[in-house]
Structure formats: structure tokens, C-alpha cells
Amino acid sequence: MIYYFSGTGNSRWAAEKLAEYTGDVCCSISEAKEIPESADDRQTGLVFPIYAWGVPEPMLDFVKRLERKAGFTYGVCTCGADAGKAMKKLSRIAGLDSSYSLVMPNNYIIGSDVDDEKTACSKFAAAERELKSISEEVRERIRTYRVQEGSFAVLKSSLINPGFNRFARTTKPFYVTDACCGCGWCAERCPAETIRMTDGKPVWGKKCFQCLRCIHECPQEAIQYGKETEGRKRYRIEEYLQKRG
């Protein structure tokens, strides 16, 4: 079984590709109300994005509840560049036999704009090649640690990530423009279940994973996060995949 958490689709795509290449099945941990029983205990995969050089809260909580299996366990994190020490920290909990990082198109538009089409498509092509290689190693039960930690990895994961979790995940900057049609899509699909509709408009509670799903996938592009996201392109993975053919 491959368990994944995905905000805007990169990790979902990676998990689905791994399932295709390994003959496994994948399950979204944010959509499953209970931990599903795996029919095959021989291998367990964990796929998720890196948030500020750390593992997202939903995946950490899930792994702590997940029964440890005797089979082969591996983790794949998707990231814009590097992962810091996130995979080593996760391995202390999950007992990973193999760890990988996978560079995917940037979509954290609070910090910078999305990649241009050429760059994004190039990253998808490279990621697909890497996923095929990972799948072969998983099938052969090869133990490895192929993670791009980047510079100052300890500092990023031990100091910056806790700061991100404590201060940067605030929902206060969220707001909607007049383009909001009140469809309620954001409230229905929020992994943190923090958005509620009030008088036909979304209102954010305190809990937020900073996955940015609501911003990127709002049909009207009406959701903003302070001034940072104004004028920046939204990331919709299906558009890039369609252009790749």
C-alpha cells in the first residue's frame, strides 16, 4: 500500500505513478477516515510534500498511528529543491528502509511565482524517470538514502521548520475577492477542514497546513493570502500534464 498526502497534486501524481510502476495501490490519508487495511504487507510506501524542510503535520500524525509492518517501508518526498533532514526525522518514527526526494514544480506562491511551463514540464519528465528508478529499487528491496538535503540542512529542519509550524501557518492573511461566487469548493476540499461557509463566503479557522489547495484550485481564483499571492499564477497540475501529452 502507498499512503500519500497531497495539497495541490504533486505528491498524488507521484504516488499514482509509483502504484502504476510497482503494481501497488495508493490511498489518500486525508480522504480516508480510518487507516485502510493493506492486502499486501510486503511493502509500505509514504509519499508527501516537504513544507519548510519538514514533514507535513497530517503525514506525521498518520505515521504515528500506522501499525509498523515487517515488510519493506520506503518514503518519497516531493519538494521544490531540497528536503533538509525531514526524511531522517521521519525514519525515526516510521523505520524507513529507503528514502527519496523528488524535485517537482514549485507551487508555494506565498514565497515566489510558479515555474514557467518549460521548467515545469522538464521537472515532470525528470521526476517520471526518477520514479521508474525508485520503483525498480522498491521491487528489488534495495535499501538506499537518495535525498537531496541541501545546504544548512540541520538548521533548516531543526530551526526554520519549527518556526514555520508555529508562526507561518496562520490563517489571518486569507481573504476572498469579489470574484468569489460562494460555491463552497474550498470548504469541501480543505484537508485541515478549517474552512466554513458564512453568508456565502469562506471563513478560515485557526488550523492550517499551508498546503495552499484552496488558493490554487479555487475555480474563480478568488482566494488570496495577503499581498504575496496577488498577481501570481495558480498551479493546476492537470494543465501541465495535458500539455505534456
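None of the figures in this text is laboratory data; all of them are computed from the coordinates on show. In this text, all values refer to a predicted model and were calculated from it rather than measured experimentally. Cβ: placed from backbone, ideal geometry, glycine included. Neighbour counts: every protein chain shown.
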**Prompt:** Which of the cysteines found in the chain have nothing to pair with, since no other Cys Cβ lies under 4.7 Å from theirs?
**Reply:** C26, C27, C77, C79, C121, C180, C181, C183, C190, C208, C211, C218
**Complete:** Quick shape check on the stretch 48-138: root eigenvalues a ≥ b ≥ c of the Cα gyration tensor, a/c under 1.5 is rounded, otherwise prolate if a/b tops b/c, else oblate, and it reads oblate
**Asked** How high is the FRET efficiency between R146 and K227 when r is their beta carbon distance and R₀ equals 35 Å, given to the nearest 0.05?
**Response** 0.35
**Message:** On a 31 Å Cα-Cα criterion, which of the cross-link pairs K172/K233; K69/K206; K17/K206 come out too long?
**Reply:** K69/K206; K17/K206
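When the chain is fully extended, how far beyond the present Cα-Cα distance does R42 get from K172, taking 0.36 nm per residue of separation?
Roughly 42.4 nm would be gained on extension.
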**Asked** Any idea what the relative contact order of the stretch 167-244 is, in percent, if you count C-alpha pairs under 8 Å spaced at least 6 apart?
**Response** 33
**Prompt:** For the chain, what does -39500 (n - 2.57) per DSSP helix run (n ≥ 4), summed and divided by total residues, give at 222 nm, in deg cm²/dmol to the nearest 500?
**Reply:** -8500 deg cm²/dmol
**Message:** Sort 142-150, 8-16 by the packing proxy (mean of other Cβ within 10 Å over each peptide's residues), most packed first.
**Reply:** 8-16, 142-150
**Message:** Could you sort the peptides 185-194, 224-233 by per-residue average Cβ neighbour count (10 Å cutoff), highest mean leading?
**Reply:** 185-194, 224-233
**Request:** Using Cα positions and a limit of under 15 Å, work out the aspartates and glutamates in reach of K227, with same-chain residues fewer than 8 apart set aside.
**Result:** D113
**Asked** What is the dipole size for the stretch 42-128, taken about its Cα centre, with +1 at each Lys and Arg Cβ and -1 at each Asp and Glu Cβ, in debye to the nearest 20?
**Response** 640
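How much of the DSSP beta bridge set in the chain is antiparallel, as a percent to the nearest 5?
Bridges in the chain that DSSP calls antiparallel: roughly 25 percent.
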